[in-house]
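Each remark here refers to the structure printed beneath this line.
The values are calculated or read from the model by the stated rules, or taken from the named source; none is laboratory data. Just so it is clear, the model here is predicted, and its values are computed rather than measured. Neighbour counts are summed over all protein chains in view; Cβ atoms, including those assigned to glycine, are modelled from backbone coordinates with ideal geometry. The area values use the complete protein model at the heavy-atom level, side chains included, leaving out ligands, DNA and RNA. Shrake-Rupley method; radii C 1.70, N 1.55, O 1.52, S 1.80 Å.
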Amino acid sequence: MKSYHITTLNDFIIQKQKDFPYAKGELSSLLHHIGIAAKMVNKKINKAGLIDIIGRSGDINIHGEDQQKLDVFADEVFISALLSSGECCGVATEENENEIVFSDSFATEGKYIVCMDPLDGSSNIDYNVSVGSIFSIYRRLTPRGEKVRNEDFLQAGSEQVAAGYIVYGSSTMLVYSTGNGVNGFTLDPSIGEFCLSHPDIKTPKDGHIYSVNEGNYIHFPEGVKKYIKFCQEIDKKSGRPYSSRYIGSLVSDFHRNLLKGGIFLYPENETAPIGKLRLVYECNPIAFIALQAGGVASNGTSDILEITPKSLHQRSPFYVGSENMVNKIKSFLVPTKLTR
Ligand code: AHM
Ligand code: MG
C-alpha cells in the first residue's frame, strides 16, 4: 500500500525534543513560532508581484540603505512571533540599530535571545530573485526575570543553541540545526506545512562551485585574486575549471553550495575594508549550519564561530563551504596577510 506518511516541521521538533529527557519544550516552541513567521513572510513574498508592495518603503535603515517594504514586514512578523512564543526575551535584527528588549513579565522569563536577518538579499525582490531569512538562537546570559542586555547578543557563534535559514526560492525551504546535524523542510503550499525533505544534510568535502562577486576582483586582496585564478584553471579530476555561480543572495548561494559542494566568499575589499556581511546575524548562523553539515567557515584567519563580536552590526570577511575548498583558500590567504 502506498504510504502517505510525512514528517512535518512540528512533528520533527517534538520528536527531537524527546531525545533530551530534561527538555521543557522551550526551544521547540521558539522554533515552532519561527516556522509560523516564515510561512507568513513566504505568503507575502509570493504575492510581491501581484500587489502594491514591491518597491521602497521610503525609509532608510540604520546602515543608510533603502528599506524595502518586505524588509519592514518580515522584521515585524518575526519579532511579533518571537515575542508571542514567550520563550524569547529579546531580539537583534539587521533592521534595528539596537537590540529589542521584551519587557513584559512573560517574555522577561524567556530563556533565549534571537539574532536575525529577517529578509536577506532584499534588493533582489523587485526582480523575482530568491531571498532568505536567517536566524540564530542563544541562551541568555543575564538571569531570567531581568531585562536582557547588549552583551547577551554579543556571544561567540560557538555558543549558538540553534540556527537556521529559510530560502524563499523556486520552493520555500527551512533548514535548521540544534547542534545535532542539519535538516531541511520544504513548504508544501497545499497543506501549508514544512515537510521533512532533506534529512541529515551533509555537505560534500569538495566541490566545483565558487560563489563571489567577481565585479569586485580588482579590489580583492592578492590571495583572493590568486584563489580565483586557481578556480579558473583546468581541474585535473574533472577536466574543466570550477563553475562560477553567484546569485547575490547569501542564503540561496550558500544553500546551493551546501547541497552540491562549493565555496561562498565575501572577502574584505577596498570598498568594504572589513567585508560586507554581518557577523552576528548573517555569518554566525550560516557558519553554524555549515559546520553541522561537515563544512568550514572562516574569516580568512580565524574560525567564524570563535570570534567574539564587539557590536551587533559588526561586519566580517566570510569564507564558507566545503572543507577542502575553504582550507584551500585559507592557504592562499595566509602569506598575503603576512606581507600586506
Ligand atoms: P543585505 O543584508 O543588505 O540584503 O545584504 C546582504 C547580501 C547577501 O545576501 C549577499 O551575499 C550580498 O549582500 C551581496 O552583496 P553584493 O551585491 O555586494 O555582491
Ligand atoms: Mg542581510
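Structure summary
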| read-out | value |
| --- | --- |
| Long-range neighbours under 7 Å by Cβ, at least six apart or interchain, first residue over 14 Å from Asp120 (Cβ atoms) within region 159-179, second modelled with pLDDT of 95 or more and among the basic types (Lys, Arg) | Val161/Arg139 |
| Residue, modelled with the highest pLDDT, within region 24-55, restricted to residues that are of a type in the set (D, E, K, R) and farther than 20 Å from Glu94 by Cβ | Lys39 |
| Where Val182 falls short, out of the listed (1) open to solvent by 10 Å² or more (accessible area, probe 1.4 Å); (2) in contact (Cβ under 8 Å) with a residue 24 or more places away in the chain | (1) |
| Looking only at region 233-256, and only at residues there that are in contact with a Cys (Cβ under 8 Å, 6 or more places away or on another chain) and surrounded by fewer than 16 Cβ atoms within 10 Å (Cβ to Cβ), the one that is farthest from Ser136 (Cα to Cα) | Pro241 |
| Residues satisfying the stated conditions in region 128-158, i.e. in contact with a strand residue (DSSP E or B) (Cβ under 7 Å, 6 or more places away or on another chain) and without any contact (Cβ under 8 Å) to a residue 60 or more places away in the chain | Tyr138, Arg139, Arg140, Lys147, Val148 |
| One residue from Ile113, Ile134 being under 25 Å from Leu9 (Cα atoms), outside any loop (DSSP other than H, G, I, E, B), away from ligand 2 (no atom under 16 Å from the Cβ) and at pLDDT 95 or above | Ile113 |
| Matching residues, region 56-87, being among the small types (Gly, Ala, Ser), modelled with pLDDT of 70 or more and either within 16 Å of ligand 2 (Cβ to nearest atom) or not assigned by TED's automatic domain parsing to the domain that holds Arg140 (or both) | Ala74 |
| Sole exception among (1) assigned to a helix (DSSP H, G or I); (2) within 17 Å of Ile263 (Cα to Cα); (3) of a type in the set (A, V, I, L, M) for Ile218, by number | (2) |
| Selection from region 209-220 of residues that are buried (at least 20 other Cβ atoms within 10 Å of the Cβ) and either under 12 Å from Val326 (Cα atoms) or of a type outside the set (Phe, Trp, Tyr) (or both) | Ile209, Tyr210, Ser211, Val212 |
| Residue selected from region 275-296 under the condition without any contact (Cβ under 8 Å) to a residue 60 or more places away in the chain and within 14 Å of ligand 1 (Cβ to nearest atom), by the criterion nearest to Ile113 (Cα to Cα) | Leu277 |
| Subset of region 159-177 [open to solvent by 50 Å² or more (accessible area, probe 1.4 Å) and in contact with a strand residue (DSSP E or B) (Cβ under 8 Å, 6 or more places away or on another chain)] | Glu159, Ser171 |
| Residue in region 88-129 that is least open to solvent (accessible area, probe 1.4 Å), counting only those that are over 25 Å from Tyr168 (Cβ atoms) and among the acidic types (Asp, Glu) | Glu99 |
| Pro204 surrounded by fewer than 16 Cβ atoms within 10 Å (Cβ to Cβ), more than 16 Å from ligand 1 (Cβ to nearest atom) and closer than 30 Å to Lys16 by Cβ | no |
| Residue ranges of helices (runs of 4 or more DSSP H) in region 240-340 with at least 2 members at negative phi and in contact with an Asp or Glu (Cβ under 8 Å, 6 or more places away or on another chain) | 250-260, 323-339 |
| Subset tally (residues that are away from ligand 2 (no atom under 13 Å from the Cβ) and open to solvent by less than 20 Å² (accessible area, probe 1.4 Å)) for region 273-287 | 1 |
